[in-house]
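Beneath this line is the structure, given in structure tokens, with notes to follow.
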Amino acid sequence: MLSSTRSALRAQLRAPLAARQFSASSATQVQSLKERLAELIPKEIENVKSVRQQFGAKSFGEMTVDQAYGGMRGIKGLIWEGSVLDADEGIRFRGLTIPEAQAALPKAPGGSEPLPEGLFWLLVTGEVPTQEQVEGLSAEWAARAEIPDFVKELIDRCPNTLHPMSQFSLAVTALNHDSAFAKAYSQGVHKRDYWQTTYEDSMDLIAKLPAIAGRIFRNVYGDGKLPAIDPKADYSANLSTLLGFGDNKEFIELMRLYITIHSDHEGGNVSAHTGHLVGSALSDPFLSFAASLNGLAGPLHGLANQEVLRWLQKMRANIGENPSDEKLAEYVWSTLKAGQVVPGYGHAVLRKTDPRYTAQREFALRHLPEDPFFKLVGQVYKIVPNILLEAGKAKNPWPNVDAHSGVLLTYYGLNQQDFYTVLFGVSRAFGVASQLIWDRALGMPLERPKSYSTEAIKKMFSAKL
Ligand code: CMX
């Protein structure tokens, strides 16, 4: 990245928001993401119009009362552009499987994992960016990374005993103070231009998350002192530095993979759906994403990665470092008999091993094949699915993304489990933000499904018996 490019970006960030255009002409000869979006949006509006004209009256299928009681599983009621989840195959980001995205997306010099900057470009545009476009995004995010002083103070005032996810959500909510969308809305902006300030807020949101995450981490587990963001470094390198792992190239590579694979998992999961729902009320991207984080903080969703590590550590304390398969099976049964879930296993949509689990397992095989904790995770993988099948309740006995992440982070020394879901949150912003931009570009309406009481259901159907 040329230093003239970086100073042009810094100058733009000092300019008033309305004047900020990260344009190719002023910064580089490379087309910016916002410029590409501006080209794509009118075409996509026409595309959606034509899809609705052709297929708008088609039925998505019947819905049953059981589905309404059963967490709406299988009800097709959302549009989500960035990714689609297949029960057997797993996630595709704009049509690319995880291995395909790993192969196609630009890497850091000397690196082998995809840069999350490229994944964001892919989620937003459906196109694989060039190396220069990805470098432009790294520079832009580094230039936008600083958080306001009052947000720093807000984080610093949190007691160390407040869960890092609660601190994260508080800080993201507070970023709403400088929302370009909220300001433009209050000034009466035309709805066709909503996407522009949603884009600016989304870029600010993603850019500022490492500074927030780093501050929480250093306050809770360290001395509260933070290094500066490096304007020449990519997003994952800066995040790693802020967490204190910037000297470890393998850890930075892990962050690149981690952020890429945790970013998006279609629209129905709790964090994605919540962000989309809250955004539909025209709450700005900071408020919308803070709501996503509150959903991600639940143990059946993102907090499961913390729960997996706790469960594994408890297991080791109970049955030793190298348990036999029989002892391990006994331990799994004891979890089920205590009326608890085996964290990291099962999924509301997937019916096979999560390819995000496989991607992390392959990373481990490349970098830490002999690690005893990794071997334990492999042993658990051999044993748990058969037990869940035998127990006969879980529809999917296979591991999900959360079954593997903790062991990788622990290997590199990030063993503060309560912090793990914050990293998931940093990544999930990529998926939620890219959809929010399209939600506003396509003029998606207020989301408001219909509900009934149990009494109303009785009345509705008993008359027809
Ligand atoms: N261990 C024990 N029981 C499980 C189970 C598991 N890993 N997965 C599902 N079950 C049980 C459910 O609790 C449910 O029991 P009840 O009928 O008593 O309520 C039954 O099996 C049927 O559930 P399901 O239809 O298979 O699963 P759901 O779609 O309702 O829930 C999920 C999906 C992920 C919440 C569930 O599999 C689970 O609790 N897994 C453990 C927690 C976890 O790993 N969450 C992370 C998911 C990925 C993510 O979002 O980050």
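No lab work stands behind these numbers, since they all come straight from the coordinates. Predicted, not measured: the structure shown is a model, and the values here were computed from it. Cβ: placed from backbone, ideal geometry, glycine included. Neighbour counts: every protein chain shown.
What does the highest-first list of 385-396, 138-149 look like by mean Cβ count within 10 Å?
138-149, 385-396
FRET efficiency for Arg351 and His190, Cβ-Cβ distance as r, R0 = 56 Å, nearest 0.05?
The value I calculate is 0.80.
Could you tell me the convex hull volume per residue, in Å³, taken over the Cα atoms of the chain?
On the way: hull volume 78.0 nm³, N = 465.
Per-residue hull volume (Cα only) is 168 Å³.
Which percent of the Cα-Cα distances in the range 130-200 go past 21 Å?
Cα-Cα pairs in the range 130-200 separated by more than 21 Å: 48 percent.
How do Thr97, Thr173 rank when sorted from fewest to most other Cβ atoms within 10 Å of their own Cβ?
Thr97, Thr173
Output the pairs from Lys34/Lys58; Lys337/Lys395; Lys352/Lys382; Lys76/Lys191; Lys34/Lys152; Lys43/Lys208 with a Cα-Cα distance over 23 Å in this structure; if there are none, say none.
Over 23 Å Cα-Cα: Lys34/Lys58; Lys76/Lys191; Lys34/Lys152; Lys43/Lys208.
Just subtract the alpha-carbon distance of Gln313 and Asp371 from 0.36 nm times their residue separation and send over the number in nm, one decimal. Before the final figure, lay out each step's value.
Numbers: separation 58, 0.36 × 58 = 20.88 nm, distance 1.47 nm.
Taking Gln313 through Asp371 to full extension adds about 19.4 nm, to one decimal.
What is the sum of charges around Leu209, taking Lys and Arg as +1, Asp and Glu as -1, for the other residues whose C-beta is under 12 Å from the C-beta of Leu209? List each step's numbers first, then the result.
Details: positive: Arg144, Lys208, Arg215, Arg428; negative: Asp204.
That works out to +3.
With label points built 7 Å along Cα→Cβ from the Cα atoms of Ser451 and Lys393, find their separation and express it in nm.
Output for this residue pair reads 2.5 nm.
Go ahead and run the numbers for FRET between Ile75 and Asp325, Cβ-Cβ distance against an R0 of 56 Å, rounding to 0.05.
0.90
What size of dipole, in debye to the nearest 20, comes out for the chain about its Cα centre when the only charges are +1 on Lys and Arg C-beta atoms and -1 on Asp and Glu C-beta atoms? Mind showing how you got there, number by number?
Values: 49 positive and 50 negative charges, 214 e Å.
The dipole of the chain has a size of about 1040 debye.
Note the full-extension length gain between Lys49 and Val84 as 0.36 nm times their separation in residues minus their Cα-Cα distance, in nm to one decimal.
Result for the pair: 10.5 nm of gain on full extension.
Quick check on the exposure proxy: order Ser334, Ser83, Ser59 from fewest to most C-beta atoms within 10 angstrom.
Taking fewest neighbouring Cβ atoms as first place, the list is Ser59, Ser334, Ser83.
Measuring from the lowest to the highest alpha carbon on each principal axis, how far does the range 85-132 reach, largest first, in angstroms?
Taking max minus min along each principal axis of the Cα atoms, the range 85-132 gives 35, 22, 12 Å.
Expected output is a single nm value to one decimal: the length gained when fully extending between Asn415 and Ala68, i.e. 0.36 nm times separation in residues minus the C-alpha distance. What is it?
Here the answer is 121.0 nm.
Please list, in order along the range 313-328, the HN-Hα scalar couplings obtained from phi with the Karplus expression 6.51 cos²θ - 1.76 cosθ + 1.60 (θ = phi - 60°), rounded to whole Hz, x for Gly and Pro.
Karplus-based 3J(HN,Hα) across the range 313-328 equals 5, 4, 4, 5, 5, 7, 10, x, 6, 10, x, 6, 4, 5, 4, 5 Hz.
Given only helices, namely DSSP H runs of n ≥ 4 each adding -39500 (n - 2.57), what is the per-residue ellipticity at 222 nm of the chain, to the nearest 500 deg cm²/dmol?
-18500 deg cm²/dmol
Cut-off is 10 Å between beta-carbons; in what order do Met460, Met315, Met255, Met72 appear when sorted fewest neighbours first?
Met460, Met72, Met315, Met255
For the chain, build the charge dipole from Cβ charges (+1 Lys, Arg; -1 Asp, Glu) around the Cα centre, then report which of Gly90, Thr454, Pro116 sits farthest towards its positive end.
The listed residue farthest towards the positive side: Thr454.
At R0 = 56 Å, how high is the FRET efficiency between Arg157 and Val30 if r is their beta carbon distance? Nearest 0.05 is fine.
Efficiency for this residue pair is about 0.85.
Would you kindly calculate the translational diffusion coefficient of the range 282-364, applying Stokes-Einstein with the Kirkwood radius from alpha carbon pairs, for 10 °C and a viscosity of 1.306 mPa s, and quote it in µm² s⁻¹ without decimals? Display every interim value, and only then the final one.
On the way: Rh = 15.2 Å.
Calculated translational D: 104 µm²/s.
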